[in-house]
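Novice: Structure provided below as structure tokens; questions to follow.
The values are calculated or read from the model by the stated rules, or taken from the named source; none is laboratory data. Small disclaimer: the values here were computed from a predicted structure and weren't measured. When we count neighbours, we look across all protein chains shown, and the Cβ atoms used for this are built from the backbone with ideal geometry, even at glycine.
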Amino acid sequence: MLYLLSPAKALDYESPVAADVSLSQPAFLAQAAELVTVLREQTPAQLASLMKLSDKLAGLNVARYQAWQEAPDAAHVRQAALAFAGDVYRGLDAASLASDELDWLQQHVCILSGLYGVLRPLDAIQPHRLEMGTRLPVGDASNLYGYWGRQIAEHLNQRLAGSADPVVVNLASQEYFKSVDPQALKARVVDCVFQDYKGGQYKVISFYAKRARGMLARWAAQHAVSVPEALQRFDSDGYAFAPAASDARRLVFRRRAP
């Protein structure tokens, strides 16, 4: 069983990382290098328009892509789960996991990426920003969905090869999960939905839902969850499984107050 997460825009390359945390290599480095070559052709103004960035952020990311290296040394990279610093990764809090839990995370969690395609949590990444929904023309592809095509789904199939009941637990946003070609994926997909009670009804509140996705991935690592049915026991931060709102392909978790 594999768990899918989205990346984060916010990055942390400053906080200390334990010396015994390993670094692994991303599977799609050649594709990342090709995308960086295309991105280096963008001026700051073009990148600002393409990614809807401020001038300051556009300049930062132009500099990042100019500094990007095909074979970087350890000083220029950080483990993906420790480099991403958004709401999902605050919920995951990978830095506080035990070494065996990090190992489990490495084997079972896939981070979808506009630049790297698919990352394991300990894959070495360089500072970058490239959202999957970016309309970046690359070769014959008009955007990143076209560029990645079937590659991501086929990679997940390889990771799940040999499983009697291949399952993908989707904790990614719609923008990123769209990069997984449903026709190519040979696995059952289970979506996880997190709802909070507000205004007299249960609804998805983005900030809380993002954090909860990371918390569920963390909880799965701590309990070595290998079947989707076991996720019904998830109870972090006041969330509880809502059986009446769920089915075999959609697990809903609710809480009354954050």
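Novice: Report whether or not ARG64 is touching a residue at least 12 places away in the same chain (Cβ under 8 Å) and either farther than 25 Å from LEU5 by Cβ or touching a Gly at 6+ places or on another chain (Cβ under 9 Å) (or both).
Specialist: Answer is no for this residue.
Novice: Separate question: Mind listing whichever residues of segment 18-36 are surrounded by 13 or more Cβ atoms within 10 Å (Cβ to Cβ) and over 20 Å from the mean Cα position of the chain (by Cα)?
Specialist: Passing the criteria: only GLU34.
Novice: Cβ-Cβ below 6 Å, separation at least six or inter-chain, first residue in segment 26-41 and free of Cβ contacts under 8 Å to residues at least 40 places away in the same chain, second buried (at least 20 other Cβ atoms within 10 Å of the Cβ): which pairs?
Specialist: Here the result reads ARG40/TYR65, each pair linking segment 26-41 to a residue that is buried (at least 20 other Cβ atoms within 10 Å of the Cβ).
Novice: Here is a check on your reading of the model: is ALA80 aliphatic (A, V, I, L, M) and at pLDDT 95 or above?
Specialist: Yes: the conditions hold for ALA80.
Novice: Give me a count of the residues in segment 37-55 that are more than 24 Å from the chain's Cα centre (by Cα) and surrounded by 17 or more Cβ atoms within 10 Å (Cβ to Cβ).
Specialist: Residues flagged as more than 24 Å from the chain's Cα centre (by Cα) and surrounded by 17 or more Cβ atoms within 10 Å (Cβ to Cβ) within segment 37-55 amount to 2.
Novice: Let me ask something else about it. Restrict the check to segment 199-208 and report whether at least one residue is closer than 22 Å to GLN106 by Cβ, touching a residue at least 12 places away in the same chain (Cβ under 8 Å) and surrounded by 13 or more Cβ atoms within 10 Å (Cβ to Cβ).
Specialist: no
Novice: Let me ask something else about it. Out of the residues in segment 161-188 that are within 16 Å of LYS210 (Cβ to Cβ) and either in contact (Cβ under 8 Å) with a residue 40 or more places away in the chain or touching a Gly at 6+ places or on another chain (Cβ under 8 Å) (or both), state the one that is surrounded by the most Cβ atoms within 10 Å (Cβ to Cβ).
Specialist: Here the residue is LEU171.
Novice: Given the conditions (1) touching a strand residue (DSSP E or B) at 6+ places or on another chain (Cβ under 8 Å); (2) not in a helix (DSSP H, G or I), which single one is not true for ALA19?
Specialist: Going through the list (1) touching a strand residue (DSSP E or B) at 6+ places or on another chain (Cβ under 8 Å); (2) not in a helix (DSSP H, G or I), ALA19 breaks only (1).
Novice: Right, here's the next one. Looking at segment 106-164 only, could you name the residues that are under 14 Å from the mean Cα position of the chain (by Cα) and either of a type in the set (D, E, K, R) or at pLDDT below 95 (or both)?
Specialist: ARG120, ASP123, ARG129, GLU131
Novice: How many of the residues in segment 22-34 are under 16 Å from ARG78 (Cα atoms) and part of a loop (DSSP other than H, G, I, E, B)?
Specialist: 5
Novice: Right, another one. When the residues of segment 95-126 are narrowed to those that are within 21 Å of ALA19 (Cβ to Cβ) and in contact with a strand residue (DSSP E or B) (Cβ under 8 Å, 6 or more places away or on another chain), which ends up surrounded by the most Cβ atoms within 10 Å (Cβ to Cβ)?
Specialist: It comes out as PRO121.
Novice: Restricting to strands (runs of 3 or more DSSP E) lying wholly in segment 161-258: which have 3 or more residues that are over 18 Å from LEU92 (Cα atoms)?
Specialist: 188-198, 201-203, 250-255
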